[in-house]
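I have placed the structure first, in the form of structure tokens, so that the comments after it can refer back to it.
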Amino acid sequence: MKIMPTTYFLVLLLSSVIFHFFFPVIQIVFTPYNYSGLALILFGIIINIWTDHLFKKNLTTVKPYEKPSCLVIAGPFKISRHPMYLGMASLLMGAAVFMGSAISFAFPLIFIILMKSLFIPKEEKAMQNAFGQKYLNYKNHVRQWI
């Protein structure tokens, strides 16, 4: 059984909340500024729903371990080759800003490191194998994250 990126995201989100309440150490974002985290959370939700919709509309897999059947380059894929990971990172960063404790800012960073090491290289290789030059052209024009 392979662990999906959403599992890492949920574990890190839960860990962020637990660490915030049990090991708050230093508060670095205070009210009312912490409410700006809600904008990041909203952005993350919207980009993930939008991206998921595009995958379904184009009848291709959202799962990184399955072979893609379509190269999706519309919508959020115009600004990021991995908008779902961007959305999840945004949600984690928004939660960190909202909670405001220094420890909570470690979790978006951990998520990014995990995605860049465990998923993105394999996904990009699969995309290159599946779509060849078309994917390489896309890759040369769109950044990995944002």
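Bear in mind these aren't lab numbers, they're just calculated from the coordinates by the rules spelled out. Since the structure is predicted, the reported quantities are computational estimates derived from the model, not experimental observations. Glycine also receives a Cβ, built like all others from the backbone with ideal geometry; neighbour counts cover every protein chain displayed.
List the trypsin sites (Lys or Arg not before Pro) in the range 106-146 that DSSP assigns to loop (not H, G, I, E or B) and whose Cβ has at most 11 other Cβ atoms within 10 Å. Which are they?
Here the trypsin sites (Lys or Arg not before Pro) that fit, given the DSSP loop and packing criteria, are R143.
With a point put 7 Å past each Cα toward its Cβ, work out how far K116 is from Q128 in nm, to one decimal.
Going by the 7 Å Cα→Cβ label model, 1.8 nm.
Of the listed values (i) 11, 42, 36, 10, 1; (ii) 10, 35, 31, 16, 6, 1, 0; (iii) 12, 38, 31, 15, 4, 0, identify the label whose number matches P(r) over Cα pairs in 10 Å bins from 0, in percent calculated from this model.
(iii)
Please give me, ordered by residue number, the chymotrypsin sites (Phe, Trp or Tyr not before Pro) of the range 49-146 that lie in loop per DSSP and have at most 12 other Cβ atoms within 10 Å.
Answer by residue number: Y65.
To the nearest 20 Debye, how big is the dipole of the chain about its Cα centre, given +1 on the beta carbon of each Lys and Arg and -1 on that of each Asp and Glu?
Details: 13 positive and 4 negative charges, 113 e Å.
It works out to roughly 540 debye.
Between K63 and L109, how many nm apart are label points set 7 Å from Cα along the C-beta direction?
Placing both labels 7 Å beyond Cα along the Cβ direction yields 3.4 nm.
Give me log10 I(q)/I(0) at q = 0.14, 0.16, 0.29 Å⁻¹ for the range 1-68, Debye formula, one equal scatterer per alpha-carbon, no solvent.
Log10 of I(q)/I(0), two decimals: -0.65, -0.79, -1.27.
Taking only Cα atoms of the range 40-126, what ratio of Rg to Rh do you get with Rh as the Kirkwood inverse-distance radius?
When Rh is taken as the Kirkwood radius, the ratio is 1.01.
For the pair T7 and T31, what calculated FRET efficiency results from E = 1/(1 + (r/R0)^6), where r is the Cβ-Cβ distance and R0 = 30 Å, to the nearest 0.05?
Values: r = 32 Å, r/R0 = 1.07.
About 0.40, to the nearest 0.05.
Picking from L14, G44, G132, whose Cα lies most toward the positive end of the charge dipole for the chain (charges on Cβ: Lys, Arg +1; Asp, Glu -1)?
The Cα lying farthest towards the positive end belongs to G132.
Rounded to the nearest 500, what is the chain's calculated 222 nm mean residue ellipticity when only DSSP H runs of at least 4 contribute -39500 (n - 2.57) each, over all residues?
-20000 deg cm²/dmol
In the chain, what is the count of Lys pairs whose alpha carbons are under 14 Å apart, counting only pairs at least 8 residues apart or on separate chains?
For the chain, the number of qualifying lysine pairs is 9.
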